[in-house]
Amino acid sequence: MNLFTQSLLDSFDSSIVSQPEADTLPAVVYTSEEFLDFEREAIFDHEWLCVGLASRIPEVGDWFTVDVNDERLIITRDKEGEIRGLSSVCQHRAQAICEGSGNSTTFKCPYHHWTYALDGRLLGAPAMERTENFDKKEWGLPSVMVEVWQGFVFVNFDAEAAPLAPTLERYNPYLENYDLANCRCTDTIVLEGLPWNWKIMFENFNDGYHATKLHQFIQAFCPSELSSFPVPWDDESNVIFREAGYIHIDAGFNATHKALYPVFPELTEEERWRSTFALIPPSLCLGTAPDQAFSSWCDRGALRRSTLRSGPCCTPIRSITPCLNNSGKPLRREYRYSSSRTRTRPRRSRWVSGRGLPVGVAIPGRRSLTSTSTAGL
C-alpha cells in the first residue's frame, strides 16, 4: 500500500495556513507505520536529537547508553574531555558492548574481548593478528556527530548536517541568565512504552488551550490568556517558544503556586514574572520557571510506543544540593508503561559490520557498516 497519494499530500495544505483557519494534521500521520518509516528517514536520520544532559557525564570516562532512532549509542566523555556518541555494537559479532552507565578507561565487548578506546578506536582484538591484512585502525566503533547546546547533548546520524546552535539563537536571550550549562538535573524520570506517537508530545507541550481545562490549578497563577509567542516563526530556525505570564512574581508549578527551589540569582524581575515553553523538534521540549528549568526528550519509538525522558528540575549547582540516594548518587527513577495491544519490531542495527573472521582466514572485500552478516568467529 502506498500511503503517499496526491490526496494525502493535498490534505496538508489546510495545516499550513494562518492559525485561525488551520486544521490539525491528518489522523493517518499519527497511526501509519508507513508514515513513521518515512519520518525516520526524512527527519530522525538527519536532524539533531537530544540524548540527555552533559552534566550526567562530568568526568573523563563517564558514559551512559541510550536508544536513539532504533540504535543503541554510548554517550561518553573521552580523555580530551570531549563528548562522543559511539555505536554500542561490537564490530566483530554485533554483541552489545555495554548497557546502563558507568565510568571506565576503555570499552570491552564481553563476547570476545575486543577493546575500544573512549573515542571509539579499536585497541585490542585477541588472536586477530593471525588474520591476514587485519588492521585495527579500520574497525573502530562508528560514531555520530555530537553537539552540546545549553548543557544538552544532541547527536546527529547525518555526517553532513549543519550545526545546531545557529538555528536556536532566537531562544538564547531567554536562557542566558539561567546558566544551564552549569546546572544539574536533580532527578530523571524515564517513561517507556507510552501509547502515543511522538508528535503528540510536541503538540501538547506548547498548547495553552488544554491547560484552561485539564490544568485548572495552573490557571490560578499562570492563566493561558497571558501566553504569547514573542518571536514569529522562521523556517531557518529550529525552535518555537512562547512566554507564559504570571499573576504574581516567582510562581511555581506545584501545589503552593510558588517557587520551591532557590530562584536563579541572575534573573531579571521581568524573567521572574514568566515561564517559557520551547519546542526543539524532533526530540526536545524545554521550559523555564524562576526556580527551575524543566525538559523532556522523546525518542521516535515505534508507532505508539514512545519513550520519554524528563529532567523536571534543573537547578544551579551553587544554589542547591541534588537529591541523592543512599549511595550518594543522584536519584534516577524509572517508570515503565506497557500495553498488550502494541508491539515493537525487533531492532536491526544499521551499524553491524559483520566483519567476523575465523582466525587465519584472509579478509574479503571491505564491507559496508550497514551489513548485518556475522559469519566467522
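The values are calculated or read from the model by the stated rules, or taken from the named source; none is laboratory data. Predicted, not measured: the structure shown is a model, and the values here were computed from it. Quick reminder, even Gly has a Cβ in these numbers, built from the backbone with ideal geometry, and neighbours come from all protein chains shown.
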Go through segment 230-273 and count every residue that is surrounded by 14 or more Cβ atoms within 10 Å (Cβ to Cβ) and within 30 Å of ILE16 (Cβ to Cβ). 10
Determine whether segment 38-59 contains at least one residue that is over 15 Å from VAL144 (Cα atoms) and more than 21 Å from the chain's Cα centre (by Cα). no
Output yes when any residue across segment 57-74 is in contact with a Pro (Cβ under 7 Å, 6 or more places away or on another chain), surrounded by 15 or more Cβ atoms within 10 Å (Cβ to Cβ) and in contact (Cβ under 8 Å) with a residue 12 or more places away in the chain, and no when none is. no
The one condition CYS285 fails out of (1) in contact with a Pro (Cβ under 6 Å, 6 or more places away or on another chain); (2) not in a loop (DSSP other than H, G, I, E, B) is (1)
Looking only at residues in segment 169-228 that are over 20 Å from LEU53 (Cβ atoms), of a type in the set (Ser, Thr, Tyr) and assigned to a helix (DSSP H, G or I), which one is nearest to the chain's Cα centre (by Cα)? TYR209
Residue that is modelled with pLDDT of 95 or more and closer than 16 Å to LYS199 by Cα, where the choices are ALA278, ALA244: ALA278
Please indicate, with yes or no, whether at least one residue in segment 200-208 is over 23 Å from ASP179 (Cβ atoms), in contact with a helix residue (DSSP H, G or I) (Cβ under 9 Å, 6 or more places away or on another chain) and free of Cβ contacts under 8 Å to residues at least 40 places away in the same chain. yes
Within segment 75-114, which residues are buried (at least 18 other Cβ atoms within 10 Å of the Cβ) and either farther than 30 Å from LEU36 by Cα or over 17 Å from the mean Cα position of the chain (by Cα) (or both)? ARG77, VAL89, CYS90, GLN91, HIS92, ARG93, ALA94, ILE97, CYS98, PHE107, CYS109, TRP114
Among the residues of segment 128-143, are any buried (at least 17 other Cβ atoms within 10 Å of the Cβ), part of a strand (DSSP E or B), among the aliphatic types (A, V, I, L, M) and modelled with pLDDT of 95 or more? no
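Quick grid of which residues meet (1) under 29 Å from ASP45 (Cβ atoms); (2) among the polar types (S, T, N, Q); (3) in contact (Cβ under 8 Å) with a residue 12 or more places away in the chain:
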residue: PHE241; (1), (2), (3): yes, no, yes
residue: HIS257; (1), (2), (3): no, no, yes
residue: ARG272; (1), (2), (3): no, no, yes
residue: THR276; (1), (2), (3): no, yes, yes
residue: SER283; (1), (2), (3): yes, yes, yes
Tell me the residue from VAL148, VAL51 that is of a type in the set (A, V, I, L, M), modelled with pLDDT of 95 or more and within 21 Å of ASN182 (Cβ to Cβ), please. VAL148
With respect to PHE4, is the statement that it is touching a helix residue (DSSP H, G or I) at 6+ places or on another chain (Cβ under 9 Å), in a helix (DSSP H, G or I) and modelled with pLDDT under 95 true? no
Going through segment 34-45 one residue at a time, which ones are surrounded by 15 or more Cβ atoms within 10 Å (Cβ to Cβ) and either small (Gly, Ala, Ser) or under 15 Å from LEU164 (Cβ atoms) (or both)? ILE43, PHE44
Residues of segment 236-293 being acidic (Asp, Glu) and in contact with a Ser or Thr (Cβ under 9 Å, 6 or more places away or on another chain), which ones? GLU236, GLU243, GLU271, ASP291
